[in-house]
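Colleague: Below is one structure. I have some questions about it.
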Ligand SMILES: CC(C)(COP(=O)(O)OP(=O)(O)OC[C@H]1O[C@@H](n2cnc3c(N)ncnc32)[C@H](O)[C@@H]1OP(=O)(O)O)[C@@H](O)C(=O)NCCC(=O)NCCS
């Protein structure tokens, strides 16, 4: 008996590079292209129509819930050479993407960076920067909106000044002004 469940219409390419943990469930119509390694941890649930692409490593922890249509990919097409069609330019440096144990991604979210443990990525969000443990991020690009505070043992909303996305934008703007 298989120790995990794969529903119908899934396309798992380069199957030897895909490791699926005990009790994991791959829902209908999931596409995984594992040129690099793909590791799906024990008890994780890969929602319908998820797409996972790996040039190096996509590691999904234990008990991770990927909402339907989540896209996780650790590589891009190179586009810098204007004399060639992008499809002929090859793949840019893949870098490992890890999704921490117990995390959850909302429907149709795009994961282009790593997530810590028990993180939430809101529906339709695009994650471009790594998330620490225990936070909720959302938006395009996703910014941290709530974070667990170990001192008070409560989740706190981050006000606009603390939102790392905004700070990053201000820093970038100032750097451009100074050049
Ligand atoms: C993230 C989520 C869980 C809400 O968490 P929450 O702690 O209740 O967050 P709140 O509703 O209090 O929202 C906090 C802030 O994040 C914003 N926000 C929440 N979800 C968002 C999203 N998906 N995209 C953009 N912003 C979002 C809110 O507008 C709010 O912003 P504000 O502080 O400027 O008003 C929910 O919005 C979500 O996206 N769920 C995913 C549902 C899904 O895809 N399910 C699939 C089944 S597995």
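Coordinate-derived values only; no laboratory data. Keep in mind that what you see is a predicted model, and the values were worked out from it rather than measured. Because the Cβ atoms are built from the backbone with ideal geometry, glycine has one as well, and the counts that use them run over all protein chains shown.
Colleague: If neighbour count is taken as other Cβ atoms inside 10 Å, put 157, 44 in order from fewest to most.
Modeller: 157, 44
Colleague: Using C-alpha positions alone, give me the convex hull volume of the chain per residue in cubic angstrom.
Modeller: For the chain, the hull spanned by Cα atoms encloses 130 Å³ per residue.
Colleague: Given a Förster radius of 25 Å and the C-beta distance between residue 13 and residue 124 as r, what FRET efficiency does 1/(1 + (r/R0)^6) yield to the nearest 0.05?
Modeller: So the FRET efficiency works out to roughly 0.45.
Colleague: Would you mind ranking 63, 171 so that the residue whose beta carbon has the fewest other beta carbons within 10 Å leads the list?
Modeller: 171, 63
Colleague: Something else about it: Among 128, 105, which comes first, then next, by fewest other beta-carbon atoms within 10 Å?
Modeller: The most exposed by this proxy come first: 128, 105.
Colleague: Estimate the FRET efficiency between residue 172 and residue 148 by the formula 1/(1 + (r/R0)^6), using the beta-carbon distance for r and 30 Å for R0, to the nearest 0.05.
Modeller: My answer for the efficiency is 0.60.
Colleague: A further question follows. Please figure out what share of the DSSP beta bridges in the chain is antiparallel and state it in percent, rounded to the nearest 5.
Modeller: DSSP beta bridges in the chain are roughly 20 percent antiparallel.
Colleague: Only Cα pairs within less than 10 Å get springs; with that Gaussian network setup on the chain, which residue of 101, 74, 130 has the largest fluctuation?
Modeller: Its mean-square fluctuation being the largest, the pick is 130.
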